[in-house]
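The values are calculated or read from the model by the stated rules, or taken from the named source; none is laboratory data. Since the structure is predicted, the reported quantities are computational estimates derived from the model, not experimental observations. Counting neighbours? That spans all protein chains shown, and the Cβs are built from the backbone with ideal geometry, glycine included.
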Amino acid sequence: MEYKDYYKILGVGKKATQGEIKKAYRKLAIKFHPDKNPDNKEIEEKFKLINEANEVLGDPKKRKKYDELGQNWNRYQQTEGQQAYDPYSQGFGRQGGGGYSYEGDIDDLFGKSAGGAAGFSDFFESFFGSGGRQGRSSQQGGQSAQFKGRDYETEMAISLEEAFYGTSRIIQLNGQKLRISTKPGAYNGQLLKIKGKGGKGSSPQYHGDLFVRVKVLPHPHFTPKGNNLYATQQIDLYTAVLGGEIIAETLSGKIKVKIPEGTQNGKTIRIKGKGMPIYQEEGTFGDLYLMLNVHIPEHLTPRETELFETLKSLQHEMTPH
């Protein structure tokens with residue numbers, strides 16, 4: 001039997017944290033999802049291995065048992081088919097037909113989802129799956145053992161405007177069309193849960209869930225940071241010196257903004273309530289921050305040059321010597 005290196009499958013080290021394992025799994029699950037690679041058996045098998053690895057490494061208790069097996073794998077291979085060696089110090093016993101079995105309830109070891117491991121490798125089934133059970137039948141009281149289907153995850157890219165107003169997408173999942181909607185104020189990295197739209201379980205109530213991760217695409221003018229928006233606003237030299245009013249763009253339309261006289265280049269103005277909608281808080285918005293960029297004219301008319309020279313002379317007269 002071939003040993004399955006679950007750490008290698010997920011591309012993580014043996015000392016990886018649970019968070020690192022979760023992150024690696026999600027990245028690979030998106031990349032090798034069968035919906036993205038239809039009719040590709042190689043990708044489908046890769047996806048199964050990724051899920052199998054996560055089934056074990058994603059749970060600290062399962063991971064500990066797997067690590068114990070890995071440490072003793074060579075000795076197990078040398079004594080396979082004999083009664084000489086048990087790869088675990090306790091909990092596992094030798095089956096008469098070869099392989100090892102867990103003495104007790106497999107659900108206590110691997111949780112209620114263990115029954116959903118259909119399609120996993122012989123390695124998994126021999127040590128962790130239903131094929132290695134003793135003292136437990138797949139039928140209890142005339143009812144099939146219950147198991148939860150696997151969760152799926154996909155990505156949904158939206159524009160900043162769509163994040164502002166809310167939007168929807170139609171995706172294909174297992175041959176069915178599914179509409180995914182976002183509310184105003186959706187943010188980058190947000191995870192939406194659609195219950196019961198993942199892998200099939202033993203019954204509809206045990207179906208897995210679909211997780212949709214929101215990706216907000218970069219905007220040419222606005223940069224979101226939390227619920228606030230940041231942008232650069234050009235103003236002319238005369239408005240900066242004398243003050244005045246400008247027209248500024250926001251995601252909800254154009255607004256008038258007052259510029260105080262003597263405004264310096266790089267000054268930031270805060271406009272309350274013109275940022276992103278705060279998710280699930282209707283009528284509440286973040287703020288818009290405009291960094292003012294004073295435009296210096298490159299070419300002056302003779303009259304403008306004359307006026308600037310006059311201002312320069314006045315400045316010299318007012319400066320004490």
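To keep it simple, each residue is scored yes or no on (1) assigned to a helix (DSSP H, G or I); (2) in contact with a His (Cβ under 6 Å, 6 or more places away or on another chain); (3) closer than 19 Å to Leu69 by Cα.
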{"position": "Lys4", "(1), (2), (3)": "no, no, yes"}
{"position": "Lys23", "(1), (2), (3)": "yes, no, no"}
{"position": "Leu28", "(1), (2), (3)": "yes, no, no"}
{"position": "Glu42", "(1), (2), (3)": "yes, no, no"}
{"position": "Lys48", "(1), (2), (3)": "yes, no, no"}
{"position": "Ala53", "(1), (2), (3)": "yes, no, yes"}
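Let's see how each residue does on (1) over 23 Å from His33 (Cα atoms); (2) free of Cβ contacts under 8 Å to residues at least 24 places away in the same chain:
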position: His207; (1), (2): no, no
position: Asn228; (1), (2): yes, no
position: Thr232; (1), (2): yes, no
position: Gly244; (1), (2): yes, yes
position: Ala248; (1), (2): yes, no
position: Tyr279; (1), (2): yes, no
Within region 239-250, can one find any residue that is closer than 30 Å to Arg179 by Cα and under 25 Å from the mean Cα position of the chain (by Cα)? no
The residue that is nearest to Arg169 (Cα to Cα), considering only those in region 195-212 that are surrounded by fewer than 16 Cβ atoms within 10 Å (Cβ to Cβ) and of a type outside the set (Gly, Ala, Ser), is Lys195
In the set Leu314, Leu288, the lone residue that is modelled with pLDDT of 95 or more and of a type outside the set (Asp, Glu) is Leu288
In this structure, does Phe164 turn out to be modelled with pLDDT of 95 or more and not in a strand (DSSP E or B)? yes
Here the residues within region 11-53 that are of a type outside the set (D, E, K, R), touching a helix residue (DSSP H, G or I) at 6+ places or on another chain (Cβ under 8 Å) and farther than 23 Å from Met156 by Cα are Gly11, Val12, Gly13, Ala16, Gln18, Leu49, Ala53
Open item on the list: Considering only region 169-183, I want to know if a residue exists there that is outside the structural domain of Lys274 (by TED's automatic domain parsing), surrounded by 14 or more Cβ atoms within 10 Å (Cβ to Cβ), among the charged types (D, E, K, R) and outside any loop (DSSP other than H, G, I, E, B).
Closed with: yes
Hey, Gly189 surrounded by fewer than 17 Cβ atoms within 10 Å (Cβ to Cβ), in contact (Cβ under 8 Å) with a residue 12 or more places away in the chain and under 11 Å from Gly149 (Cα atoms) or not:
no
Residue hits (region 295-304; outside any strand (DSSP E or B) and either surrounded by 11 or more Cβ atoms within 10 Å (Cβ to Cβ) or touching a strand residue (DSSP E or B) at 6+ places or on another chain (Cβ under 7 Å) (or both)) are Pro297, Leu300, Glu304
Among strands (runs of 3 or more DSSP E) entirely inside region 209-294, those with 2 or more residues being under 30 Å from Gly149 (Cα atoms) are 210-216
Residue hits (region 11-34; exposed (fewer than 14 other Cβ atoms within 10 Å of the Cβ) and in contact (Cβ under 8 Å) with a residue 24 or more places away in the chain) are Lys14, Gln18
Take the conditions touching a Lys or Arg at 6+ places or on another chain (Cβ under 6 Å), of a type in the set (Ser, Thr, Tyr) and surrounded by 15 or more Cβ atoms within 10 Å (Cβ to Cβ) and apply them to Thr250. Does it pass?
yes
Q. Before we move on, is Gln95 at pLDDT below 50 and either of a type in the set (A, V, I, L, M, F, W, C) or surrounded by fewer than 16 Cβ atoms within 10 Å (Cβ to Cβ) (or both)?
A. yes
